[in-house]
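Contents: one structure, followed by commentary.
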């Protein structure tokens with residue numbers, strides 16, 4: 001490849017990277033609040049026993065990890081989670097303890113406790129949210145795990 005062509009390709013790459021928006025801390029704080037509010041509203045669908053509202057928070061291409069399997073797409077997740085919305089009492093609840101947003105303002109991570117019907121901690125949820133073209137945050141990845149103290153940070 002000629003040096004001129006390499007220069008043109010690298011220049012294009014640099015320009016495209018420079019075009020990525022980087023948000024100020026105040027903007028990120030506002031976006032973190034949006035994601036936290038979205039997570040709380042998502043969790044409220046369980047308390048309200050509103051399966052249709054739950055589905056509205058799913059990205060079309062969402063992936064939920066369930067046991068060793070991945071449920072792919074909103075229809076598969078909606079079908080698998082319908083059983084949790086049956087009956088008068090919610091079998092579990094959840095809420096965010098930690099929310100982080102990428103500097104681009106398009107992806108976010110939320111994590112927090114999953115509580116059993118009696119209020120005991122039974123797990124930890126981990127979700128990745130995406131700001132979609134319609135301006136709504138929706139879940140693209142979700143995975144629960146056994147209870148852990150995620151406030152300790154990570155060594156890895």
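Quick notes on this structure:
- Residues satisfying the stated conditions in segment 124-156, i.e. modelled with pLDDT of 95 or more and surrounded by fewer than 16 Cβ atoms within 10 Å (Cβ to Cβ): 132, 133, 134, 135, 136, 143
- Of all the numbered requirements in (1) at pLDDT below 95; (2) buried (at least 19 other Cβ atoms within 10 Å of the Cβ), residue 96 misses one, and that requirement is (1).
- Restricting segment 52-75 to residues that are out of contact with any strand residue (DSSP E or B) (no Cβ under 8 Å at 6 or more places or on another chain) and part of a helix (DSSP H, G or I), the residue that is surrounded by the fewest Cβ atoms within 10 Å (Cβ to Cβ) is 52.
- In segment 137-149, the residues that are free of Cβ contacts under 8 Å to residues at least 40 places away in the same chain and either under 20 Å from residue 77 (Cβ atoms) or within 16 Å of the chain's Cα centre (by Cα) (or both): 145
- Any hit, segment 32-48, residues being at pLDDT below 95 and either within 17 Å of residue 124 (Cα to Cα) or surrounded by 13 or more Cβ atoms within 10 Å (Cβ to Cβ) (or both): no
The values are calculated or read from the model by the stated rules, or taken from the named source; none is laboratory data. Model, not experiment: these values are computed from the prediction. We place every Cβ from the backbone using ideal geometry, glycine too, and count neighbours over all the protein chains shown.
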